Every structure is written in C-alpha cells, then in structure tokens.
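Take a look at the structure below.
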Amino acid sequence: MQRLPWKWAWLPLMLLITAKLEQVGGRSYPDLARSDSQLTRLPFFGGGVGHLLRYLHPLSLSSPSERGRISELRSELDANYVSYRGAQLWKLNFNATRGSSMAEREEDDEVAEERQVLASPDAQFNEVVALFGSEVWNINQDGIDILIEQRNVADARKFMDQVGYSYNIMIDDIETAIDETYVEVPAVEHPLDAVRNNSLPWMEVPGSTMNWRRYHDQADIKQFLQTLLETYEENVELIQIGVTRNKRPLEVIRVSNGNPDNWAVFVDAGLQARDWLSPAALTYAISKLTHLWGRPKAGGQRQSRAERAMRRIDWYFLPLANPDGYQYSRHTDRLWTKNRGYDTASGCYGVNLDRNFDYGWDGTGSTSNPCKNLYRGAQSFSEPESRAVRSFLSGMREYLGAYVSLGGYGQAITYPWGDADYVTENQRDLKQTARRAVLALRRLNQAEYTSGTSYRQKLARPGNSADWVQDRIGPQLVFNMFLKDQGRYGYLLPPHYIVESGEEVFEFLRTIAQQLE
C-alpha cells in the first residue's frame, strides 16, 4: 500500500476529529468544507494534535447544552484528562459569624468582643477547609475562595447549615466554567473591540493568530512574539533566557529605543499554569506598546508625558514563565498550577514556581509534599524556569528600575514584604506608585483595585519572586499585580475580560514609567 507523505499524515486524524465535532454540535462545519469559490486554507499544525484542535475546536458553539459537550470531546482525546464536573467554588465570608440568639445579641460590648476573638475567621473556616475543601484558591478581604469537590458538596452544605457560617456559591459547576474559558468571543460582542470605530488597531497584528477574543496556546504566543520581531525590528529583540523541563524556550521580548541611559523594567506573567489571564493581558499590553511606539505622529503632534516616559524605558517581557504547565493546563488539567518537573521518589509532577525562589523559601504556605499544588521544590531554585529568571535579573542589577509579576486573581497591587509586616527602605515609593495606579485604573474603567504589602493584603506567598527581587536585586519598584476578578470566576475568567485586563496592565506599566522618570 502506498504511504502518504509525512505532511499528510495528520489528515485521517483531522477527518476523525471533524466527524466528532459534527456529532458534538449536531451540525456540520462549513468552514472546514469546500465552498463554491475556494477551499478554506488550514494553517500548518506544527504544534501536534493539541495545536490542531485549536482550529477544529467548536468555538462557535453558543448554547449551554452545546458547550457542555466540549469537555467530553477533550476527555476522548486525552486519556489523562481531568474532569471537574460537579465541583464548586465557594466563598466563605469573613464578615459573618454564627447565628446568635437574642440574648447573645444583647451582650455588652466587652463580652461580644471576646466572643468575636474566639470565633475568628481563621478558627471558623480552617475546619471547613480541612473537612471538605480540596484547595484554597485565594484569601482576600472578603473571605476564603475554596474549591469543593463534587463528592463533598452535599456534606459541606449540611455542615455549613448546621454551624450557621455564611458562604456563597460562586461557581455551581467548575467543568461548565472551564468550558467557558475555551470559547471565542464573537467580534461583534467583544467589549472595547477594534470593530467599533477601529479604536484598538493593535488588536489586529498582521501575520499573527492572536486576537485576544480567546485564550491562545503557547505556539500562538511564540508566533506572536516572532511577528513583532519581524515587524518592529529596530526596536524589538527576542532573548532566550533558558529552557523548561520539557525543553520549551523561555523567551523574553525586549522593546527599547537603544538608549544606554534607560532604566529597565522586567515584567513576567503566567508563573501559575492555570492563570491564563495574565499571559493574555500582557501580550495585549505588548501589542499596544509596540504599535504606539512604531506609529509616526501626524502633523508634528507632540507626545504626551506618559508616552515619552514609556519610550525612555527598556521593557523586558516574559509573557509565559511556565510554558510546560500552561500547555498541560490547556489539554489535560485546566486547574494545573505547577510546572512539569518529575519527582522520582513520589511519582508526582510539578513544582509551584511562585514558591521556588530563595527568599522565605520554606515558610508557611508552601509544602514539602511533591504531590501538592503548593510544593516548593526540593530546594530553592530547583527549577530551570526560576533559575533562568534569577540569572537574567542578576545581570540587570545595575540598571533594573522595576520588577512586576502579573498573576490572577484578586484585583490587588501588592509589594514586599509577604512573610511579615516589615517595612522596606523603598516602601514610600512603592505605596505612592501603587496608590497612583489604583486611581488610574479607577479612571480607566471603574476597576476597583486594592493596594498594600502582600502580607496585609493576605496575598503572601513564601518563596515568591517579588520578595526575592526586593531582597537580592533591589530595584526602585517591585510589585505583584493580581488581575481580575475578586472571586466571581477566580482562575476561570471568561475571555470577555481579556481586553479590559490588558488595558489595565498597560495603564499600570505607564504609571511605573512615569514614576521612574
């Protein structure tokens, strides 16, 4: 039997998947068939089956019943696919206590204060987390966001009703929310989209598949960076600072006018694999920055102060700090958070990169268990991703003006320290810049961010990158920016919010540039 050329080897698989999609949606997909005028061209699927699926994915499915079948298709294509069907996201409210009798409500202030101390939020909720929670997603000003597995939902509800604790079910079915993160937003429905008066031209990058109406995979992000390099070759440079466990490149894009007197700003995103928003928002901000940088001013129009400030910075962006984990979260386990390092003793995979830096490395809030999400690694900087960031930033010590690590979620701008309520030497500048940014974000789109130290914002993480940079590199400004939202969707924010979040990242970077000026 004659063998097909290698480039056609994926054709039977494509036809099989196309048939599956027709079954899932109960309809045909004309964009994959020959039309009267031409045969629709499909891109080269150099990323393998996972890359192919992005183009055959039923993104146009609109009804909940159709979207509910997306996860079934993913599970058929990956034997290791992790389903979260029936699991829920709860918010345990800090500002509510046990139900009280009339007599209890009439106690004098001193006794009531003592009762409140004895029934502190931590004491109330630790028991719930230990009994029923599979993972705490976030601790914020309002309470604790906790993932409840399906097998524990009924018992958890019964327990909460008995003790009278207050909680809200933020996501009724995690798997349904996961399906929503794979859907592409139609252009006509997209908030702030370029189709409206062409107000956001940087969303159309010729030669790139990025459109910020959906969450893109690692291959798209890599191709987007390459496109910017080719389009803005005078101002853009790509630097490979290392490789991952699975040999994926860690690529930093540098945007600069080449002035040796510039301050440098380093921004990373996606340390947590399940955080799809920060890489999407950062690539949007990069696209906007390069577009405005390369656009000539009409009629000799002068640049604003903010534009001048941004052009006096050497920008270094690492849009995907954990590409191995990110890709694994896209195809196998949507809520995967670690990298893909392998521990031979336990047989478990992954180290939490935001617990792997040297400062406060083995503190409370991390674990030595390789099978847990908060696993800090066998030692600090055990992972190639964190070592690559350490080496690159160490070489920038003399001219690094600011470091920013983007992540989800919480809508907060925080700065060191995270391990205790200490004061840094540069805390006045950090507090002032954070407050200016909060006001700027409120003016931008009424986004309500909080600011303060990681410790006071209840967002402390032992072994995190920002505290290490503050301690060992010592730039003027060091921040974590936790993007949308405040717990409604958590790590499963629908793609409708990508553009809005990208604008917020850009505004924050503009604030930092003005502060460094």
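The values are calculated or read from the model by the stated rules, or taken from the named source; none is laboratory data. Just so we're clear, the structure is a prediction, and the values are computed from it rather than from any experiment. Methodologically, a virtual Cβ is constructed for each residue, glycine included, from the backbone with ideal geometry; neighbour enumeration extends over all protein chains shown. Side chains are part of the model used for accessible areas, which takes the heavy atoms of the whole protein and leaves out ligands, DNA and RNA. Shrake-Rupley method; radii C 1.70, N 1.55, O 1.52, S 1.80 Å.
Details
- Pairs from the table (K91/K458; K247/K372; K222/K484) lying more than 21 angstrom apart at Cα are K247/K372; K222/K484.
- The distance separating the Cα centre of segment 259-285 from that of segment 230-246 comes to 13 Å.
- Peptide ranges 469-479, 236-246 listed from the most packed, as the mean C-beta count within 10 angstrom indicates: 469-479, 236-246
- Considering only T414, A437, Q427, and ranking their Cα positions along the charge dipole of segment 402-443 that arises from unit charges at the beta-carbon of Lys, Arg, Asp and Glu, the one farthest toward the positive end is A437.
- For H331, the accessible area of its heavy atoms, probed at 1.4 Å with every protein chain present, is near 60 square angstrom.
- Average accessible surface for segment 231-340: 36 Å² per residue, computed with a 1.4 Å probe over protein heavy atoms with every protein chain in place.
- Rolling a 1.4 Å probe across all protein chains gives D362 an accessible area of roughly 100 Å².
- Spherically averaged projected area of segment 340-383 from its Cα convex hull (nm²): 2.6
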